[in-house]
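Structure first, then comments.
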Amino acid sequence: MQQVLKFFIQNKSGILFLVLFSISIALTIQSHSYHNSKWVSSTSFLSSFILDVKYDITSYFNLKVENDNLLKQNLELQEKIIALKDSSNRSRSELPSYSFISAKIISNSYNKKDNFVLINKGREDSIYKGYGISLPNGIMGIVVNSSNNYSRVISILNTNLSINAKLKNSNQFGSLQWDSKFHNEMILKDLPRSAEFKVGDTIVTGGNSLIFPSDLPIGVVKKFDLNENSGYFKILVSLFADMADVNQAYVIVPKKIKEAQELLEGNE
Amino acid sequence: MNDIKLKFLFQFFALVLVQVLIFDHVYFLGYINPYIYIAFIIALPLKLNRNYLIFLGFLIGLCVDLFNDTGGIHAGSSVLIAYLRSIIVRLSFGYNYDLDTLKLRNVKLKAQLTFITIMVFAHHLIMFSLAYFSLNYTVEILKNTLYSGIFSSILIFMTKSLLKKQ
C-alpha cells in the first residue's frame, strides 16, 4: 500500500497529465457525436455573451453590404408576391405547415472539419433542438441545442450531418454531405442511375424530412460521375449561399412536427 | 509575487480573447489559421511547478474550446505541450542551464526560436489530429500542421520580441 502511495506521489504530474488529457479526449469524442448535449459548448453563458458583444461591434462594419442584400431580397420577394397574385385563384387546401423566425448569426465557422454556428435566438423564442435553419438563398443547418437566448446549430459544413435533397422537378432524392474540402461545395450521394439531369441543374431540399420544407434551393450541379458498381450518382454541388459570409438566417418552425412524430412512433 | 500572478492572469484572459475574437477569424491565404494562445504556456516562468503548468495549460485550452465548439481538442493539445515543456526546454537549450534561475529572454535567439517552433508544432500536430480524428485525413492533418505551424511560430516569436523591448 505504501509503495502504491509512494508511486502516486512521485508521479504526480504524470497522473495529473493523464487525467486532464483523458478528459480532453472524452470531450473530443463527445463532440464528434453531435446528438449529445455537450458540457463544453458555445451556448454557455459567458462565451455566448462575449460572442454577442463581439457581434454587436463587428456587425456595424458590414451594414452596407447587409443593406444591399436585404434590398435584393426585398425585390425577389416582391416578384414572388406578384407571381402569387397571378395564381391566387387556385384554392389552397391546407394551411402552411411551417413558419419562420428571423435570427442573427453571431458566430460562424467554415474551415474546420466539423463546423458549428451560433444564433441569437433560443428557447425563449420557442426554438428547440431539431429545428432547421435556412438562409435567404440556401440552408444553414439544424439546431442541436438551445439555451434561453442562444442556439447552437450544426452547420451543413459538418461531416456528421447529411441532408435529404433532390433534383428540382423530380422526386428522386439522395443525401447531401460535406467532404470537408471547400466551403462552397457539397456532395450529393446515392442518387439512382435512372435520374436525368445535366450540369447546371438546381438541387433543392427533398420533402422526406420534417426539418426542412421541400423545394428550398440549395445549389447547382457542378460535376457528376456514376459509380458503375453501385449504380448511384455522386454529384458535386456548388452552393448558392456563401457560407463564409452569412449574417441573417431564418429558423424554420415546423408546426406539425409533433403530430407527425407521434404517427411515426406509433407505427414502430 | 502577487504582481506576477496578476500579470499572468491578465495574460491568460488577454490571449484567450485575442485568439477567439481576432485570430480565429484570420484566414491567411484562405484557410491558414494561427493559434497564438499557446504563447501563454511558452511564456510561463520556467521554474513554475509542473503541476500548475499542466493545469493552466488545460484551462487555457478549454477556454478556447468553449468559444470554438471544438470539444476538447485545444485542451488536449495544450495540456500535452504543458506536460512536455520541461523536456522540450532541455532539447532546445541543452543541459547546461539551471532551470531555477533561467529566463527565456536570456537564452540565445536561435535556442528560443527552436523552443517556440517545437512547442508550436507539437501542439498543432496533436490539435489537428484530434480535430480530424481519423486516419483518412492524414494529408490534411500534416498540411494544416505545417502551414498553421509556420504562421503561428512567426506570430508568437514576433509578439515576444516586440513585448521585450518595452
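Data table
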quantity	calculated
For region A:112-138 and region A:213-238, distance of Cα centres in Å	25
Built amide H within the under 5 Å cut-off of residue B:44, gap 5+	none
Stretchable slack from residue A:67 to residue A:45, in nm (0.36 nm times residue separation minus alpha-carbon distance)	4.9 nm
Cα-centred dipole magnitude for chain A, charges only on beta-carbon of K, R (+1) and D, E (-1), debye, nearest 20	500
Burial ranking of peptide ranges A:228-235, A:107-114, B:24-31, B:150-157 (average Cβ count within 10 Å, highest at the top)	A:107-114, B:150-157, A:228-235, B:24-31
Debye log10 I(q)/I(0) for chain B, one point scatterer per Cα, at q = 0.10, 0.16 Å⁻¹	-0.35, -0.93
Exposure proxy order (Cβ contacts within 10 Å, fewest to most) of A:199, A:144	A:199, A:144
Peptide B:50-58, shielding by other chains (average Cβ, 10 Å cutoff)	4
Inter-probe distance in nm under a simple model that places probes 7 Å from Cα toward Cβ, at residue A:84 and residue B:159	5.1
Rounded FRET efficiency, nearest 0.05, which uses the C-beta distance separating residue B:26 from residue B:138 and R0 of 30 Å	0.75
Separation between Cα centres of region B:98-163 and region B:1-59, rounded to whole Å	13
Region A:98-265, relative contact order in percent, only Cα pairs under 8 angstrom and at least six apart counted	26
B:50, B:85, A:152, A:193 arranged by Cβ crowding within 10 Å, fewest neighbours leading	A:193, B:50, B:85, A:152
Computed over region B:3-117: relative contact order in percent, which uses C-alpha pairs under 8 Å that are six or more apart	22
Per-residue average of Cβ from other chains inside 10 Å of A:106-119	4
Highest-first arrangement of B:54-66, A:177-189, where packing means the average Cβ count within 10 Å	B:54-66, A:177-189
Over chain A: helical MRE at 222 nm, DSSP H runs n ≥ 4 each giving -39500 (n - 2.57), nearest 500	-9500 deg cm²/dmol
Helix-only CD estimate at 222 nm, as mean residue ellipticity for chain B, using -39500 (n - 2.57) per DSSP H run (n ≥ 4)	-24000 deg cm²/dmol
Violating pairs (Cα-Cα greater than 29 angstrom) within the set A:72/A:256; A:222/B:143; A:72/A:234; B:5/B:108; A:121/A:234	A:72/A:256; A:72/A:234; A:121/A:234
Peptide ranges A:128-139, A:21-32 listed from the most packed, as the mean C-beta count within 10 angstrom indicates	A:128-139, A:21-32
At least 24 Å along the helix axis (C-alpha) and Kyte average at least -1.0, DSSP helices within chain A	A:12-32, A:63-86
Exercise: per-residue mean of other protein chain Cβ atoms within 10 Å, B:59-69	6
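Readers should treat all values here as calculations from the given coordinates under stated rules, not as data from a laboratory. What you see is a predicted model, and the numbers here were worked out from it, not measured in a lab. For neighbour counting, all protein chains shown are included, and Cβ atoms are generated from backbone atoms with ideal geometry for every residue, glycine included.
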